[in-house]
Each structure stands twice: as C-alpha cells, then as structure tokens.
Amino acid sequence: MTVTAQLDTGDYPTGIEISNKEMKELPITRDPWHGDWNYTLHPTHDTPEPH
C-alpha cells in the first residue's frame, strides 16, 4: 500500500451542523466492507482546488 499525505494548515469552524437531507445528498460511495467506516467522498463542481 502506498499512502500520500499533505498537511492542511487551514482554519475550519467547529460546531457546524448539517441536516439529514444534506448528509444523504453527499456524493459518497460506501465500500462493501464496513461502508459506515470505509467510503469515498467524491469532489463536486464547487469543490475548491487545493493550494
């Protein structure tokens, strides 16, 4: 397995809540093995480019 990581030093607000509807609309593909833990979150057209 190869893993690549990059430090993100951005500031992100805490305590943000999303509705169940918003959660269900996330572009997620769940893995067949423990899909509640293992999933892929796909970028959308409004996803900002990394710096």
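Derivation of every value follows stated rules applied to the coordinates shown; laboratory data play no part. Since we're looking at a predicted model, the values are computed, not measured. Methodologically, a virtual Cβ is constructed for each residue, glycine included, from the backbone with ideal geometry; neighbour enumeration extends over all protein chains shown.
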*asked:* Apply the Karplus curve 6.51 cos²θ - 1.76 cosθ + 1.60, θ = phi - 60°, to the phi angles in the stretch 25-38 and return the couplings in whole Hz, x for Gly and Pro.
replied: 8, 5, x, 10, 10, 7, 6, x, 9, 6, x, 6, 10, 10
*Electrostatic dipole magnitude of the chain [Cβ: Lys, Arg +1; Asp, Glu -1; Cα centre; debye, to 20]*: 200
*By the gyration tensor of its Cα atoms, with a ≥ b ≥ c the square roots of the eigenvalues, what is the shape of the chain: rounded for a/c under 1.5, prolate for a/b over b/c, or oblate?*
oblate
*Relative contact order for the chain, counting Cα pairs under 8 Å that sit 6 or more residues apart, in percent*: 23
*asked:* With unit charges on the beta carbons (Lys and Arg positive, Asp and Glu negative) and the dipole taken about the Cα centre of the chain, which residue among TRP37, MET23, TYR12 sits farthest to the positive side?
replied: TRP37
*So, in nm, how far is label HIS34 from label GLU49 when the simple model puts each one 7 Å beyond its Cα toward the Cβ?*
3.6
